[in-house]
Amino acid sequence: MSTPTTWRKPPFIQSPALRWLFILSVAAYVIGTIATLPIDWERTSEGFARAGRIFSGAFPPSFDRSGLMISGFMESLKIAILATTLGMILSVPLAFMAARNVSPKPVYFLGRGIFILARSFHPVIVAIIFVKAVGFGPLAGALTLTIYSIGFVAKLLAERIEEIDFGQVEAIRSAGAPFLSTMVYAILPQIMPRLVGLGIYQLDSNLRASAVVGIVGAGGIGATLANAFGRYDYDFALAITMVIVGAILISEAVSGVIRKRMT
Amino acid sequence: MTTDRAQDWARFTPAERLRRYLVMLAATVVVVWALSSIDVIWEWVWDAPIQLADLFARMVPPDPTNLPSILEATWQTINIATIATMLAILLSLPVAYISAQNTTPNRACLWIGRFILVSSRSVNTIIWALLFVAIFGPGIIAGIIAIMFRSIGFLGKLLGEAIEEIDHAPIEALEACGASRFKTVIYGIVPQVMPAFFAVSILRWDINLRESTVLGLVGAGGIGIILQGAIDTFQWQEVSMVLITILALVISGEVISSTLRKKLL
Amino acid sequence: MLEIKNLVKRYGKGAPVLKDLNLLVQGEQLMSIIGSSGAGKSTLLRCVNRLVEPTEGSITLNGTDITKLAAKDLRRARRRIGMVFQGFNLVDRLSVMENVQSGRLGYISTWAAITRRYPAADIERAFELMERVGIAQYADKRADELSGGERQRVGVVRALMQRPEILLADEPTASLDPKTSEQIMTLLRDLARELNLPVIINIHNVTEAKEFSDRIVGMRYGRIIFDDKPAALDAAQMDEIYAGTPSEDRQEIGAVA
Ligand SMILES: Nc1ncnc2c1ncn2[C@@H]1O[C@H](COP(=O)(O)OP(=O)(O)OP(=O)(O)O)[C@@H](O)[C@H]1O
Ligand SMILES: [Mg+2]
């Protein structure tokens, strides 16, 4: 028997027909979409000149109207705080509803459905609906971020409830306690640390998100930013962006430190 | 808390208990401050449920007459997310390479890399989109670039961390064979970060699909444009049709990405 | 021929780990280095292919002074030195064949490396060597699917693919069970003879060292204090090689425990 002199790496997809079908369809998709993108090349090519103008307009950043900026930022902070609080309060019952091990099937599906719905829509979409329903301003923002918080906190909390130690639940149930006190005495203490951790994390996310939902009219510093942009005040817009980035970095660091110290 | 007395007793000393109360008090004060000073008209707040119910009543039944253009915009949304993710993956590779402690060529590159990551990550996609719409005009290109800019930071950071976590031993063996730096990368580092690479790319694609649905609200293409149009003209039944489509899109995206994850990893 | 002259190695500012060390390896012999933990065995081996930078002294392999080489020439020199590791150091997620061929990375073009289109001669040699050590049937398996003994065989084949002029093995059997360990040692000895290859092995198992090597070098804290045929290693010398602690030795340099 002679020693082989050829070797090929076994391909990822064994069947050659399938492999080529896969490669060709990916290539066709990429080339096809890029070629048919509805792009206005003329307008796009002006972009670099515009970018130059925008950036020269943006430097140096202007902190002249810092009063406006501070009030916008404080509003974002309040929105974030209220949305986090309300979101957590609503998340607790919802999490119980959506935990497989404590709630009956229909309630479980209802709970899941609610937070799948809450998670699927980007906060900006939720915000624009709320703006239409309750008007411009921080109320729409707070409601939006409440929904946003529920989608995240309730889901993770439900997962936490699903993995709790059931011994304590049984013990209290067998003592003849009604449903609600079972929950309060046996489960709540077990999920409390997680709830607090999620709350701090969510406050941080809500602060980020509040900068964004403001762009569609839901109050806070995002609204200030969108206004500055709309009025071509690029130097003010840059200043606002810098403040947002700074606040996000600080809030990320603070929430990271707190969560680390808690665990 | 009678049942937990043993635990409570072990867990909290009086000083700790005092601190817990102080923290709770502080939290309450902060919430009260936010509540009392926020600039809302409280009548509107009490009115909000009625307004919302009213809005939702106007949304049913969803109106599918515009479905063809909704679906076309959905396809565009998918394309924005996919193409932008692909471009971001390509661009994030060198950024990840220079911002990982163990592969960066020198300190200057490390800091450049980190600067790129932080600036990309701390500016939200929508804010990027606002900027690029101002630059390139409304349309899909602004959307693609915005998603791309935001994704580079995300992908670069997670890939960089994956590079920092690789096992150094095989790299050393390749160096001992006389392999060049580049060959060491493709034989030693690439195979090791491959799983993280796929996981992170799929995750980002899923996120980008969601983010692409709102680009249109600032004029950067996709289904958001139709949503904005319908809202502006009070076509609430069409709005609900668009929302259902978005829901379907996002859920399919989640299903596809979790299937891919299972297949590839 | 490997000639090490006045080699000194110091990590950072600490006391030297290798102290003015001289060693000559000639012809195709299997040489074992023994010595207690921290004696500097690994450091010595790794200085030879400059995975560790020597502080002073020279290391000459068949006429090339390794210590003087810069980037590209160093890579060329490293191709001539095979190395086998205690932890195998394979790339787990690559196939056995790719791991084996990575021994040729210093020779083949970057394009061939990326596309895995290896030269026919390399593939033939890979199969021959894998056949020789008994892992040919695993060519397409992932490296992490193999047992320890099989993985070390891959490591040995990878090193031999380099067509090295010398083979260094740093505790190649320390992670293996006694029987597998014996098999790998036998393999190294036989290959050394078949390929006319000098082999240097760091080893803790003195019985194995005596059984398989042509020459034994005993190190104690940076110095060679024994260098002779295995038969000459007696209990007294063993005691001397394995006595003392590094700190003691550093304090009273040269003192006999
Ligand atoms: N990278 C390093 N940085 C600093 N000191 C090191 C480094 N590598 C080894 N040393 C030190 O050098 C000395 C010799 O180490 P070396 O690994 O060469 O010993 P060894 O004889 O191979 O030991 P073992 O039998 O345990 O493998 C030890 O004191 C060790 O602490
Ligand atoms: Mg060692």
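The values are calculated or read from the model by the stated rules, or taken from the named source; none is laboratory data. From a predicted model like this one, the values you see are computed outputs, not experimental measurements. Cβ sites come from the backbone with ideal geometry, for glycine too, and all protein chains shown count toward neighbours.
Condition check ((1) at pLDDT 90 or above; (2) more than 8 Å from chain A (Cβ to nearest Cβ); (3) surrounded by 15 or more Cβ atoms within 10 Å (Cβ to Cβ)) across all residues:
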position	(1), (2), (3)
B:A88	yes, yes, yes
B:S92	yes, yes, yes
B:N102	no, yes, no
B:L130	no, no, yes
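Cβ contacts < 9 Å: first residue surrounded by fewer than 24 Cβ atoms within 10 Å (Cβ to Cβ), restricted to segment A:203-216; second residue of a type in the set (D, E) and assigned to a helix (DSSP H, G or I), any location; separation 6+ or different chain. Result?
If the second residue must be of a type in the set (D, E) and assigned to a helix (DSSP H, G or I), the pairs left are A:D204/A:E252; A:R208/A:E252.
Would you pick out the residues in segment B:209-227 that are within 11 Å of chain A (Cβ to nearest Cβ) and over 15 Å from B:L130 (Cα atoms)?
Residues satisfying the conditions are B:L209, B:R210, B:I223, B:L227.
Which number in (1) under 23 Å from the mean Cα position of the chain (by Cα); (2) within 12 Å of another protein chain (Cβ to nearest Cβ); (3) surrounded by 17 or more Cβ atoms within 10 Å (Cβ to Cβ); (4) of a type in the set (A, V, I, L, M) marks the one condition that B:M194 misses?
Every listed condition holds for B:M194 apart from (3).
Going by the structure shown, is C:P172 within 16 Å of ligand 2 (Cβ to nearest atom) and buried (at least 16 other Cβ atoms within 10 Å of the Cβ)?
Numbers: within 16 Å of ligand 2 (Cβ to nearest atom): yes; buried (at least 16 other Cβ atoms within 10 Å of the Cβ): yes.
Criteria met by C:P172.
For segment B:253-265, how many residues are within 11 Å of chain A (Cβ to nearest Cβ) and within 21 Å of the chain's Cα centre (by Cα)?
Going through segment B:253-265 one residue at a time, the tally reaches 2.
Condition first: assigned to a helix (DSSP H, G or I), among the aliphatic types (A, V, I, L, M) and under 30 Å from A:I187 (Cβ atoms). Can you find one or more residues in segment A:61-80 that meet it?
Scanning segment A:61-80, I find at least one residue that is assigned to a helix (DSSP H, G or I), among the aliphatic types (A, V, I, L, M) and under 30 Å from A:I187 (Cβ atoms), so the answer is yes.
Hey, could you check segment C:77-124 for residues that are more than 7 Å from every other protein chain (Cβ to nearest Cβ) and within 16 Å of ligand 2 (Cβ to nearest atom) and say which is nearest to the chain's Cα centre (by Cα)?
Only one residue fits best here, namely C:V84.
Does segment A:58-68 contain any residue that is in contact with a Pro (Cβ under 8 Å, 6 or more places away or on another chain) and either among the charged types (D, E, K, R) or at pLDDT 85 or above (or both)?
Keep residues of segment A:58-68 that are in contact with a Pro (Cβ under 8 Å, 6 or more places away or on another chain), which gives none.
There is no residue in segment A:58-68 that is in contact with a Pro (Cβ under 8 Å, 6 or more places away or on another chain) and either among the charged types (D, E, K, R) or at pLDDT 85 or above (or both).
With respect to B:G113, is the statement that it is of a type in the set (G, A, S) and closer than 25 Å to B:S257 by Cβ true?
It is false that B:G113 is of a type in the set (G, A, S) and closer than 25 Å to B:S257 by Cβ.
Conditions first: (1) within 16 Å of ligand 2 (Cβ to nearest atom); (2) at pLDDT 85 or above; (3) within 14 Å of chain B (Cβ to nearest Cβ). C:R163 passes all but one, so which condition is the exception?
(1)
Residue-wise test of (1) part of a helix (DSSP H, G or I); (2) surrounded by 14 or more Cβ atoms within 10 Å (Cβ to Cβ); (3) under 31 Å from the mean Cα position of the chain (by Cα); (4) modelled with pLDDT of 80 or more.
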| residue | (1), (2), (3), (4) |
| --- | --- |
| A:L18 | yes, no, no, yes |
| A:F22 | yes, no, no, yes |
| A:I34 | yes, yes, yes, yes |
| A:P38 | no, no, yes, no |
| A:R43 | yes, yes, no, no |
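Name every residue in segment B:228-239 that is within 10 Å of another protein chain (Cβ to nearest Cβ) and either among the polar types (S, T, N, Q) or touching a residue at least 60 places away in the same chain (Cβ under 8 Å) (or both), in order of residue number.
B:Q228, B:W236, B:V239
If a residue has to be surrounded by 15 or more Cβ atoms within 10 Å (Cβ to Cβ) and within 16 Å of ligand 1 (Cβ to nearest atom) to count, how many in segment C:228-239 make the cut?
Result for segment C:228-239: 0.
Among the residues of segment C:38-71 satisfying the criterion of being within 18 Å of B:S180 (Cα to Cα) and away from ligand 1 (no atom under 16 Å from the Cβ), which is farthest from the other protein chains (Cβ to nearest Cβ)?
C:A70
Residue under question is C:G82, and the condition is that it be surrounded by 17 or more Cβ atoms within 10 Å (Cβ to Cβ), within 16 Å of ligand 1 (Cβ to nearest atom) and small (G, A, S); does it hold? If you could, list the steps in order and put the result at the bottom.
On the way: surrounded by 17 or more Cβ atoms within 10 Å (Cβ to Cβ): yes; within 16 Å of ligand 1 (Cβ to nearest atom): no; small (G, A, S): yes.
Spelling it out, it is not the case that C:G82 is surrounded by 17 or more Cβ atoms within 10 Å (Cβ to Cβ), within 16 Å of ligand 1 (Cβ to nearest atom) and small (G, A, S).
Consider only pairs whose beta carbons are under 7 Å apart and that are at least six residues apart or on different chains; among these, list those whose first residue lies in segment A:151-163 and is within 18 Å of A:H122 (Cα to Cα) and whose second residue is not in a helix (DSSP H, G or I).
Close Cβ pairs satisfying both conditions: A:A154/A:A98.
For the subset of segment C:23-37 comprising residues that are away from ligand 1 (no atom under 13 Å from the Cβ) and of a type in the set (A, V, I, L, M, F, W, C), which member is surrounded by the most Cβ atoms within 10 Å (Cβ to Cβ)?
Among those residues, the one meeting the criterion is C:L30.
From the list A:R8, A:R19, pick out the single residue that is within 14 Å of chain C (Cβ to nearest Cβ) and within 28 Å of C:Q101 (Cβ to Cβ).
When all the criteria are applied, what remains is A:R8.
Check off (1) among the aliphatic types (A, V, I, L, M); (2) within 14 Å of chain B (Cβ to nearest Cβ); (3) touching a residue at least 12 places away in the same chain (Cβ under 8 Å) for C:L129 and give me the number that stays unchecked.
Here C:L129 meets the rest and fails (2).
Give segment A:86-126 a look and list any residue that's of a type outside the set (A, V, I, L, M) and away from chain B (no Cβ under 14 Å), or say none.
Within segment A:86-126, A:S91, A:P93, A:F96, A:R100, A:N101, A:S103, A:P104, A:K105, A:P106, A:Y108, A:F109, A:G111 meet the criteria.
So which residues in segment C:160-195 are within 16 Å of ligand 1 (Cβ to nearest atom) and either in a loop (DSSP other than H, G, I, E, B) or over 13 Å from the mean Cα position of the chain (by Cα) (or both), if there are any at all? Even if it seems obvious, please write down each step before you answer.
Quick first cut of segment C:160-195, residues within 16 Å of ligand 1 (Cβ to nearest atom) only: C:168-176, C:181.
Those that are within 16 Å of ligand 1 (Cβ to nearest atom) and either in a loop (DSSP other than H, G, I, E, B) or over 13 Å from the mean Cα position of the chain (by Cα) (or both): C:E171, C:P172, C:T173, C:A174, C:S175, C:L176, C:S181.
Looking at segment A:132-174, which of its residues are more than 9 Å from chain B (Cβ to nearest Cβ) and not in a helix (DSSP H, G or I)?
A:F136, A:E163, A:I164, A:D165
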